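Have a look at the structure below before the remarks.
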Amino acid sequence: MPDKTIIATALAPAARGPYSQAVRAGGFLFVAGQLAVDPASGQLLADADIAAQTERTLRNVQAILEAAGSSLEKVVKTTVFMADLNEFAAMNAVYARFFPSNPPARATVEVQRLPSNVKVEIEAVALAD
């Protein structure tokens with residue numbers, strides 16, 4: 001069985017269930033879906049607009065990647081889950097700031113509901129080295 005390493009950092013929201021913030025395996029980092037939670041306060045930004053939620057969510061992804069010795073530049077794939085694809089343009093404008101060149105592959109899907117009724121959740125796969 002391949003080795004796997006659990007990644008955890010206080011610079012991103014703690015897992016709220018039986019999952020890890022990220023797992024390193026086979027040369028990749030698999031970052032669990034992140035929400036708009038301020039890791040310092042634990043405050044969920046549920047009432048914030050899609051731009052603010054996307055910003056906080058991607059900052060959480062970034063913190064986990066950096067804690068594992070990786071970075072946003074090494075992300076190869078993301079999945080963006082949105083409660084309302086009518087807000088895609090606003091989400092995408094923020095997303096583009098985090099991936100200004102050589103962006104990762106991405107899937108964006110509208111879902112009926114996200115945890116805590118947030119507007120966006122983002123997961124990522126990145127190179128671990």
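Derivation of every value follows stated rules applied to the coordinates shown; laboratory data play no part. Note that the structure is predicted; figures quoted are calculated from it, not measured. All Cβ positions, even for glycine, are placed from backbone atoms using ideal geometry, and neighbour counts span all protein chains on display.
Miscellaneous remarks
- Contour minus Cα-Cα distance for residue 4 and residue 129 (0.36 nm per residue): 43.6 nm
- The modelled label-to-label distance for the pair residue 99/residue 79, using points 7 Å beyond Cα in the direction of Cβ, is 1.4 nm.
- Alpha-carbon Rg/Rh ratio, for region 4-127, with Rh computed the Kirkwood way: 0.93
- Protection-proxy order for peptides 54-60, 101-107, each taking the mean of Cβ atoms within 10 Å per residue, highest first: 54-60, 101-107
- Cβ-Cβ distance of residue 25 and residue 88, R₀ of 30 Å, FRET efficiency by 1/(1 + (r/R0)^6): the value works out to about 0.45.
- Expressed per residue, the C-alpha convex hull volume of region 70-129 stands at 82 Å³.
- Estimated at 0.36 nm per residue, the fully extended path between residue 117 and residue 46 surpasses their Cα-Cα distance by 24.9 nm.
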